[in-house]
Amino acid sequence: MSWSTESLALVVTGGMLLLVVIASLHSRVALASGSRVIFLVGAVSFIAFALLTEYGVDMSVPPVVLALPLVPLGVIAVLVRRMIRTSRAARELPRPAATAFRAPEESAPFAAHGIGAERLLATSPYATATELSQLAYAHPELRPAIASNPSAPASLLQWLTEQGEPAVLAAISARGRLLG
């Protein structure tokens, strides 16, 4: 038995809505749980209606249904655009005030070795959670120092653990031994 074009359009629409729900489970795609439920109900409804019209009830579906796949395509376009914007914004984070000012090379002996103000901030117990988070994101080579910093918040330590870098895991493990 062959499917009608309208029923195929319903299945494609439901499938694309289901893809939106699956993509929203990724951390970079921000979709509220209520929206996720609505998209899931829509996906199931479209696919069920297509199956019902093909196998259950003898009814005709209006040709306007052929335009329905444009709705999830629009949603996907908005999600992709938002994801691109947030990744650009993350790359263009402003530097913390402590790292924005750099002393001249000759006046700071630590700069001669290429370490600089970021290294000092990463090890400073007075660094804020925001400064440490921005450093960890922008300078992966400083993550072990940030992980051993006593002012690193638990959420940052969790994120660093999820990155799975051996030196960072060792630094976090050493913190645990020091604490208890």
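On the basis of being of a type outside the set (Lys, Arg), outside the structural domain of Ala138 (by TED's automatic domain parsing) and touching a Ser or Thr at 6+ places or on another chain (Cβ under 9 Å), does Met59 make the cut? Lay out the reasoning, then the answer.
Values: of a type outside the set (Lys, Arg): yes; outside the structural domain of Ala138 (by TED's automatic domain parsing): yes; touching a Ser or Thr at 6+ places or on another chain (Cβ under 9 Å): yes.
Judged against the criteria, Met59 is a match.
Any chance region 85-99 includes a residue that's more than 27 Å from the chain's Cα centre (by Cα), over 30 Å from Ser45 (Cβ atoms) and at pLDDT 65 or above?
Looking through region 85-99, none of the residues is more than 27 Å from the chain's Cα centre (by Cα), over 30 Å from Ser45 (Cβ atoms) and at pLDDT 65 or above.
Quick check on my filter: what residues within region 121-162 are surrounded by fewer than 17 Cβ atoms within 10 Å (Cβ to Cβ) and of a type in the set (A, V, I, L, M, F, W, C)?
Residues satisfying the conditions are Ala129, Ala138, Ala154, Trp159.
Give the residue, chosen from Ala50, Ala9, that is out of contact with any Pro (no Cβ under 8 Å at 6 or more places or on another chain), in a helix (DSSP H, G or I) and either hydroxyl-bearing (Ser, Thr, Tyr) or surrounded by 15 or more Cβ atoms within 10 Å (Cβ to Cβ) (or both). Steps first, please.
Details: Ala9 fails: out of contact with any Pro (no Cβ under 8 Å at 6 or more places or on another chain).
Checking each option against the conditions leaves just Ala50.
Name the one entry in Val65, Val61, Val29 that is out of contact with any strand residue (DSSP E or B) (no Cβ under 7 Å at 6 or more places or on another chain), in a loop (DSSP other than H, G, I, E, B) and closer than 12 Å to Ser7 by Cβ. Can you show your working first?
Numbers: Val65 fails: in a loop (DSSP other than H, G, I, E, B); Val29 fails: closer than 12 Å to Ser7 by Cβ.
Going through Val65, Val61, Val29 in turn, just one is out of contact with any strand residue (DSSP E or B) (no Cβ under 7 Å at 6 or more places or on another chain), in a loop (DSSP other than H, G, I, E, B) and closer than 12 Å to Ser7 by Cβ: Val61.
Going through Val37, Val29 one at a time, which residue ends up being surrounded by 13 or more Cβ atoms within 10 Å (Cβ to Cβ) and within 20 Å of the chain's Cα centre (by Cα)? Show your work before the answer.
On the way: Val37 fails: surrounded by 13 or more Cβ atoms within 10 Å (Cβ to Cβ).
Sole residue among the options that is surrounded by 13 or more Cβ atoms within 10 Å (Cβ to Cβ) and within 20 Å of the chain's Cα centre (by Cα): Val29.
Given the structure, is Val44 part of a helix (DSSP H, G or I), touching a helix residue (DSSP H, G or I) at 6+ places or on another chain (Cβ under 9 Å) and surrounded by 12 or more Cβ atoms within 10 Å (Cβ to Cβ)? First the steps, then the outcome.
Working: part of a helix (DSSP H, G or I): yes; touching a helix residue (DSSP H, G or I) at 6+ places or on another chain (Cβ under 9 Å): yes; surrounded by 12 or more Cβ atoms within 10 Å (Cβ to Cβ): yes.
Against the criterion (part of a helix (DSSP H, G or I), touching a helix residue (DSSP H, G or I) at 6+ places or on another chain (Cβ under 9 Å) and surrounded by 12 or more Cβ atoms within 10 Å (Cβ to Cβ)), Val44 qualifies.
The values are calculated or read from the model by the stated rules, or taken from the named source; none is laboratory data. Here the structure is a predicted model, which means the values were calculated and not measured. Here Cβ is always computed from backbone atoms with ideal geometry, including for glycine, and neighbour counts include all displayed protein chains.
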